[in-house]
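Taken together, the values in this text are just the output of simple stated rules run on the coordinates, not laboratory data. These numbers come from a predicted model, not from an experiment. Cβ sites come from the backbone with ideal geometry, for glycine too, and all protein chains shown count toward neighbours.
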Amino acid sequence: MKKLIILLFLVSLNVSAFNINDINFINSEGKEVDLSQIDSEIIFEWSNLECPYVKRHYGLNNMQTTQKFAKSKNVIWITVISSAEGKQGYIQPNDAVNTFASFGSFPDHILVDENGDLGKKFNAKTTPHIFIADKNKNIVYQGAIDDAGGSRFWTTDLNQSTNFVKKVINDIKSNKPLSVSKTRPYGCSVKYG
């Protein structure tokens, strides 16, 4: 039993502490993105605009406000759609920028990850699911955008919830130890192929 607990602990440490320096991708506009060349923190938002949880975050302007906050701190925002073609939430790459702009969302990059390679590398489970990398490209936070998950999600003012993304960014920019590094993500399952 002890070995199992230690193994699970090591696996959970591994999931939240991996380095993304070697990741390159082509964004929805056809531009190559080499993460090792980005000299700032990076937020990855797994998204599916047809998911009711994502719809509510965007409908109440919670995701956009968080995105604007991060960008005001010079943090790069990457929205990832890992829905396979034909599954809920899939967007053609050439439609992605305009689709998100129609919701008032302007991430630095959008990646249509239709084969799910990046989502599986990150072990992205839900939409939304947030990962934050520090300047060294180590994942320092993964989980929910905020503490509004559970049954109260549908009645809570999301803009009044504790926003974990803002907390982590503030901690990083203030050179403080992180107040939170892992939370349980909530939302719809990622629609892998």
Go through the range 24-73 residue by residue and tally those that are part of a strand (DSSP E or B), surrounded by fewer than 17 Cβ atoms within 10 Å (Cβ to Cβ) and among the charged types (D, E, K, R).
-> 2
Residues Tyr58, Tyr53: which one is touching a Gly at 6+ places or on another chain (Cβ under 6 Å) and in contact (Cβ under 8 Å) with a residue 40 or more places away in the chain?
-> Tyr53
Mind listing whichever residues of the range 74-95 are surrounded by 15 or more Cβ atoms within 10 Å (Cβ to Cβ) and closer than 21 Å to Val165 by Cβ?
-> Val75, Ile76, Trp77, Ile78, Thr79, Val80, Ile81, Ser82, Gly89
